[in-house]
Amino acid sequence: MTEDQQGMFGIAGTGDTSGYGGLVRSSESFGSTQRPYGGYFDQVADDLERAYPDFADAIERVVVDRGELTLHIKVSRLFEVAMILRDKLKFEMCMGVSGVHYPEDKDRELHALYPLFSITNNQRIRLEVSVPDADSHIPSLVEVWASNNWHERETFDMFGIVFDGHPGLTRILMPDDWQGHPQRKDYALGGISIEYKGATVPPPSDRRSYK
């Protein structure tokens, strides 16, 4: 299914500092891809189904697009699936987590994407979960892949997704008292005053010479 979208970030009239205010593009939404998926993707799906009896209930849909396999996971089953993928299917590395904001995707406005890599099998897949803006809680996967620590903090900072169980979920880019989440599409662009708290510049007489 395709539909035309006008501009970006919900900007209309003045205030668009991105340069995309006049953009018109078609977006495409995918249903579940039918088998065979191709390549090693069928093997990954088969192995996961054998290793995880609740596979059918945990997976919302499987999408193969542009040479990538994405497993859309129910948020309540994310931790279980992640553990199986790490321990049984040898996806030893998670390359982080990225947030996405789809304000028109009712009750699924916030998405989190996890690119996984199996060093053992030289395979790559992605996980994706969706949560409503009104209840933006996702289980932390730091216990599964410790490298997700900073990535979850960044996604929390930029999108407002709350990773339950994270050992220290605080802002990582913006000041602690910053209002809003700058990479959401409903975040105001332009005209935002930036405060450099605690920053001082010594007078010219006190500056060290490096000649």
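The table below gives the values:
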{"read-out": "Residue within the range 162-170 that is farther than 18 Å from VAL81 by Cα and under 14 Å from the mean Cα position of the chain (by Cα) present", "value": "yes"}
{"read-out": "Some residue of the range 121-138 being within 30 Å of LYS90 (Cβ to Cβ), open to solvent by 20 Å² or more (accessible area, probe 1.4 Å), at pLDDT 95 or above and among the hydrophobic types (A, V, I, L, M, F, W, C)", "value": "no"}
{"read-out": "Filter result (open to solvent by less than 20 Å² (accessible area, probe 1.4 Å) and under 21 Å from THR70 (Cβ atoms)) within the range 139-157", "value": "SER140, LEU141, VAL144, TRP145, ASN148, GLU152, THR155"}
{"read-out": "Selection status of PRO167, open to solvent by 70 Å² or more (accessible area, probe 1.4 Å), at pLDDT 95 or above and not in a helix (DSSP H, G or I)", "value": "yes"}
{"read-out": "Count of the range 132-145 residues which are in a loop (DSSP other than H, G, I, E, B) and farther than 13 Å from LEU116 by Cα", "value": "5"}
{"read-out": "Among the residues listed as ASP47, ASP54, the single one being acidic (Asp, Glu) and surrounded by 17 or more Cβ atoms within 10 Å (Cβ to Cβ)", "value": "ASP47"}
{"read-out": "Near pairs, Cβ below 6 angstrom, 6+ apart or cross-chain, from the range 132-151 (under 18 Å from HIS111 (Cβ atoms) and aromatic (Phe, Trp, Tyr)) to any residue that is open to solvent by 20 Å² or more (accessible area, probe 1.4 Å) and at pLDDT 95 or above", "value": "none"}
{"read-out": "Residues located in the range 110-143, provided they are β-branched (Val, Ile, Thr) and farther than 13 Å from GLY96 by Cβ", "value": "ILE119, THR120, ILE125, VAL129, VAL131, ILE138"}
{"read-out": "Hits in the range 59-105 - residues which are at pLDDT 95 or above, in a loop (DSSP other than H, G, I, E, B) and open to solvent by 20 Å² or more (accessible area, probe 1.4 Å)", "value": "LYS74, LYS88, LYS90, GLU92, MET95"}
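The values are calculated or read from the model by the stated rules, or taken from the named source; none is laboratory data. Nothing here was measured: the structure is a model prediction, and the numbers come from that model. All Cβ positions, even for glycine, are placed from backbone atoms using ideal geometry, and neighbour counts span all protein chains on display. These accessible areas exclude ligands, DNA and RNA; they are computed on the full protein's heavy atoms, side chains included. Shrake-Rupley method; radii C 1.70, N 1.55, O 1.52, S 1.80 Å.
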